[in-house]
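Read through the structure below, which is laid out as structure tokens, and then see the notes.
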Amino acid sequence: MRTVKVSAPGKIILSGEHAVVYGHPAILAAVNFRLSITGDKTGKKAQIVSNVPIGSGMGSSAAYAVATSAYKLFLSGRSWNLAEISKEAYKLEKRHHGNPSGGDNTVSTYGGFLWYRKEAESLKTFTRLSIKRKLPKVFLINSGRPKETTKEMVSWVSQRYATKPRIRSLLFDIEKTTRSFLRFLLKEENPPFGELLTENEKLLEKLGVVSPGTKALVGQIEKMGGAAKISGAGGRTQGSGILLVYHPDTQKLLAFAQKLNLKIFRVKLGEEGVRIEKKS
Ligand code: PMV
């Protein structure tokens, strides 16, 4: 009997969430939180284990879709093919989300840092970025699980996009920030990393995808010298999912989280994409 364990990573979006649904670029990074599926051809015994937080902007559904496609591909006996895994995962994501950009399944498949664009339904392009600098230490703080699903958030933004001209210009402003992030990663410019995160967060707040409670938490982080942004679809009413957080003084940040009783995790960016962990 052919048995296998495959795993796929979650992701964070450094910049470009929501804008990427409308053809603007996004920079995504695979992270060191993974979902794995173990099983054999009988299917019934498949075991799923994950430490990717669910519904919090870390691409848990894409990690599931990618791991599932990879698992099926392996058990079918056909050769390992990343393009096929990502394509099949995108189909699953569509069933789940309606109108995904395809960025999440692409980064979960290929890993690393991606510059990603959905030019059209049949033309999705990406480049694996070769990062030219050592990135600052970044952390995750959960602002709370959003009440809204990704599908609801994407459709809410699309209603505003259709009726409010200023949303279009906001998406172009997000693209400018995404390009600043790109030049930062490629070491072509040296803007302070924290400022890029804050700039991106403020635009997402203007877009309306950050809840009042999350804005207040981000404000507190900024007040003590740090920076934070939501990653992914966000949430409007309660939590807005995972916050990507940076502070030049890590000890200060950890003390802050402890004082407020917030769970904080170190996150590594640019991790490996889908992979076979074990096979027989
Ligand atoms: O919340 P997540 O992890 O599903 O990320 C969604 C990212 C969006 O840009 C809002 C939607 C998309 O499909 O890219």
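The values are calculated or read from the model by the stated rules, or taken from the named source; none is laboratory data. Note that the structure is predicted; figures quoted are calculated from it, not measured. In this analysis, Cβ positions are derived from the backbone assuming ideal geometry, glycine residues included, and neighbour counts consider all displayed protein chains. Side chains included, ligands, DNA and RNA excluded: accessible areas come from the protein's heavy atoms. Shrake-Rupley method; radii C 1.70, N 1.55, O 1.52, S 1.80 Å.
Only residues that are within 24 Å of Gly98 (Cα to Cα) and either touching a residue at least 60 places away in the same chain (Cβ under 8 Å) or open to solvent by 30 Å² or more (accessible area, probe 1.4 Å) (or both): list them for the range 49-65, please.
To start, the set of residues in the range 49-65 that are within 24 Å of Gly98 (Cα to Cα) comprises 50, 52-65.
Residues satisfying the conditions are Ser50, Pro53, Ile54, Gly55, Ser56, Gly57, Met58, Gly59, Ser61, Tyr64.
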Subset tally (residues that are among the aliphatic types (A, V, I, L, M), open to solvent by less than 10 Å² (accessible area, probe 1.4 Å) and either more than 12 Å from the ligand (Cβ to nearest atom) or touching an Asp or Glu at 6+ places or on another chain (Cβ under 7 Å) (or both)) for the range 1-13
3
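For (1) within 17 Å of the chain's Cα centre (by Cα); (2) over 23 Å from Ile141 (Cα atoms), each residue gets a yes or a no:
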| residue | (1), (2) |
| --- | --- |
| Arg183 | no, yes |
| Lys187 | no, yes |
| Gly194 | no, no |
| Leu197 | yes, no |
| Lys202 | no, no |
| Val210 | yes, no |
Which condition does Ala46 not pass, out of (1) open to solvent by less than 50 Å² (accessible area, probe 1.4 Å); (2) of a type in the set (Gly, Ala, Ser); (3) within 30 Å of Leu185 (Cα to Cα); (4) out of contact with any Phe, Trp or Tyr (no Cβ under 6 Å at 6 or more places or on another chain), if it passes all the others?
(3)
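Yes or no: Glu222 acidic (Asp, Glu), assigned to a strand (DSSP E or B) and touching a residue at least 12 places away in the same chain (Cβ under 8 Å)? Outline the logic, then answer.
Working: acidic (Asp, Glu): yes; assigned to a strand (DSSP E or B): no; touching a residue at least 12 places away in the same chain (Cβ under 8 Å): yes.
Spelling it out, it is not the case that Glu222 is acidic (Asp, Glu), assigned to a strand (DSSP E or B) and touching a residue at least 12 places away in the same chain (Cβ under 8 Å).
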Cβ-Cβ below 7 Å, separation at least six or inter-chain, first residue in the range 101-116 and over 13 Å from Pro9 (Cβ atoms), second among the aromatic types (Phe, Trp, Tyr): which pairs?
Gly102/Tyr90; Gly103/Tyr116; Trp115/Phe126; Tyr116/Phe126
Return the pairs, sorted by first residue and then second, in which the second residue is in a loop (DSSP other than H, G, I, E, B), the first residue lies in the range 139-150 and is at positive phi, the beta carbons are less than 7 Å apart, and the residues are 6+ apart or on different chains.
Gly144/Gln238; Gly144/Gly239
Taking the range 89-101, which residues are crowded, with 20+ Cβ neighbours inside 10 Å and closer than 22 Å to Lys41 by Cβ?
Ala89
